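Data block below; observations after.
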Amino acid sequence: MYKRLLDQLNTAILLFDCNLDLTYINSAGEVLLADSARHLIGLNAKEIFKSSDPALVLNLEHCKNLEEPLVDRELAIDRLKHCVTVNFSATPLITDSQITDILVEMQALNNHLRISKDEQLLTQQNTARLLVRGLAHEIKNPLGGLRGAAQLLDLELESPELREYTQIIIAESDRLQGLMDKMLGPNKLPNKKALNIHEVLERVRHLIQAEASSSLAISCDYDPSIPDIQADKDQLIQAILNIARNAVQAIEGKGKITFKTRINRHLTIGRKRYKLAIKCDIIDNGPGINSDMMNQIFYPMITGRAEGTGLGLSIAQALINQHSGLIECNSEPGNTVFSIYLPMETGNE
């Protein structure tokens, strides 16, 4: 029972014996260290943390020697190709006046910062979406009256020259109507069915390849073990296509775009935590996104291109939100990554 409880925690729990050999690690610990319990159990702390902050092993030794709890903050753990910053706590377990084990708790600060950032992003986007919806409705009402009046006037006029003006009014009204509809975002709930995410990505890849020049290189790095999810195929295609087209425009059709899929474990989106989620990355080697715009790119009408409408990313985020997911972006010159997170199950509060 206690193992089941520990495996549900977001905090990484590790248990070392008096020789500092690992005897237990929970699921969050496996995720944090990016390794399995089967491989880690039995290893010494020096081996587990050999490429990480030396303070991790020193803290364990101090805890053992002093027989007192110890806390440390912002320690770096090396994990594959990047580091994770953690808060560290070690507690000696004493039986008959002797230390038998050391209980270690580690919380990834990166994850807490990401959760805080995601909550802020969702709140800001919901507020912006409500404001834009209200504005769009206020514009659509008089716009319909304007178009109707122009149509009636067009029927009364006999001069082709004068009717040309009414046709311009009608055409521009239709254009604005279409823009308002886009600003309002998705107008229907997703029709979810069993779907393989790679089917969606391949469809987008073929569309992008057909539209772009031969100078564009598109590569794929898929995890074939990812199971089907319940999703609306058309909505996912639209969301990913919007992001991919932005990438093509950013590299001016002559760079490299990579589609990548992986499984993420213990992911928190908003206030819900999911055991499993699909992570889809759309990566381009373009010049990157201006740092001044990074916090605004998912807002409606925000664009860095003179010819852009600023609605593509906003619509993509709204479509993914309808699937309880989220889109994040990290960008630097030569490497812009849009990450789409799609939960594979119902979240737990």
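The set of residues in segment 95-108 being surrounded by 15 or more Cβ atoms within 10 Å (Cβ to Cβ) and modelled with pLDDT under 90 consists of ILE99, GLN107, ALA108. Among residues of segment 31-57 being free of Cβ contacts under 8 Å to residues at least 40 places away in the same chain and touching a helix residue (DSSP H, G or I) at 6+ places or on another chain (Cβ under 7 Å), the one that is nearest to ASP72 (Cα to Cα) is VAL57.
For segment 277-288, the set of residues classified as assigned to a strand (DSSP E or B) and either open to solvent by less than 40 Å² (accessible area, probe 1.4 Å) or at pLDDT below 90 (or both) consists of ALA277, ILE278, CYS280, ASP281, ILE282, ILE283, ASP284, listed by residue number. Take the conditions (1) surrounded by fewer than 18 Cβ atoms within 10 Å (Cβ to Cβ); (2) over 25 Å from SER36 (Cβ atoms); LEU70 misses just one of them, which is (1). When you look at HIS62, is it more than 22 Å from ARG262 (Cβ to Cβ), part of a helix (DSSP H, G or I) and either open to solvent by 50 Å² or more (accessible area, probe 1.4 Å) or among the hydroxyl-bearing types (Ser, Thr, Tyr) (or both), yes or no? So HIS62 fits the description; yes.
Tell me yes or no: at least one residue of segment 4-23 is assigned to a strand (DSSP E or B) and more than 35 Å from the chain's Cα centre (by Cα). Yes, some residue in segment 4-23 is assigned to a strand (DSSP E or B) and more than 35 Å from the chain's Cα centre (by Cα). If only residues of segment 161-200 that are at pLDDT 85 or above, part of a helix (DSSP H, G or I) and under 31 Å from the mean Cα position of the chain (by Cα) are counted, the one that is nearest to PRO227 (Cα to Cα) is ILE197. Residue count for segment 291-308, restricted to those that are farther than 24 Å from LEU189 by Cα, open to solvent by 30 Å² or more (accessible area, probe 1.4 Å) and at pLDDT below 65: 6. Within segment 231-260, the residues that satisfy the criterion of being in a strand (DSSP E or B), surrounded by 20 or more Cβ atoms within 10 Å (Cβ to Cβ) and not aromatic (Phe, Trp, Tyr) are ALA231, ILE257. Take the conditions (1) under 35 Å from the mean Cα position of the chain (by Cα); (2) modelled with pLDDT of 90 or more; (3) open to solvent by less than 90 Å² (accessible area, probe 1.4 Å); (4) of a type outside the set (Phe, Trp, Tyr); PRO92 misses just one of them, which is (1).
Residues that are free of Cβ contacts under 8 Å to residues at least 12 places away in the same chain and either among the polar types (S, T, N, Q) or surrounded by 15 or more Cβ atoms within 10 Å (Cβ to Cβ) (or both) within segment 194-216 comprise GLN209, SER214, listed in sequence order.
The values are calculated or read from the model by the stated rules, or taken from the named source; none is laboratory data. Being a predicted model, the structure only gives us computed values, none of them experimental. A quick note on method: Cβ atoms are made from the backbone with ideal geometry, for glycine too, and the neighbour counts reach across all protein chains shown. SASA here: full protein model, heavy atoms, side chains in, ligands and nucleic acids out. Shrake-Rupley method; radii C 1.70, N 1.55, O 1.52, S 1.80 Å.
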